[in-house]
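Taking it in order: structure first as structure tokens, then the write-up.
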Amino acid sequence: MTIIVMDLRVPKTGGMNTSKVSVVRWLKREGEHIRKGEPVVELETEKVSYELDSPVDGVLLKVLAQEAAEVPIGEVICQIGLPSDNAR
């Protein structure tokens, strides 16, 4: 059986010289189904607040960055996969 788990990472925001973001709030909870393009989490830099969308259909398996946490660009903040997948 193949287990596919997608790591959702904090993206580099276009044109901004930012090294970290704050997790404002999770819009989905562990175990909830997510559609591709649906907002998962709200993030904030020093200058902008934005929602990060899911790149795939699946289930939010594991939240790795809690609300109010500061997270470096490129850091994995959650894992999305199939309901039967186990987060790593």
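Read the figures in this text as sums done on the coordinates, not as results from a lab. Fair warning: this is a prediction, and the values are worked out from it, not measured in the lab. All Cβ positions, glycine included, derive from the backbone under ideal geometry; neighbour counts span all protein chains shown.
Taking the Cα centre of the chain as origin and assigning +1 to Lys and Arg Cβ atoms and -1 to Asp and Glu Cβ atoms, the resulting dipole is close to 140 debye.
With contacts taken as Cα pairs under 8 Å and at least 6 residues apart, the chain reaches a relative contact order of 38 percent. With the charge dipole of the chain set up from +1 on Lys and Arg Cβ and -1 on Asp and Glu Cβ about the Cα centre, the Cα lying farthest toward the positive end among the listed residues L61, W26, I4 is that of I4.
Fully extending the segment from D7 to S49 would add 13.0 nm, taking 0.36 nm per residue of separation and subtracting the current Cα-Cα distance. Across region 10-53, the residues whose backbone nitrogen lies under 19 Å from the label position 7 Å along the beta-carbon direction of Q66 are 21-31, 41-44.
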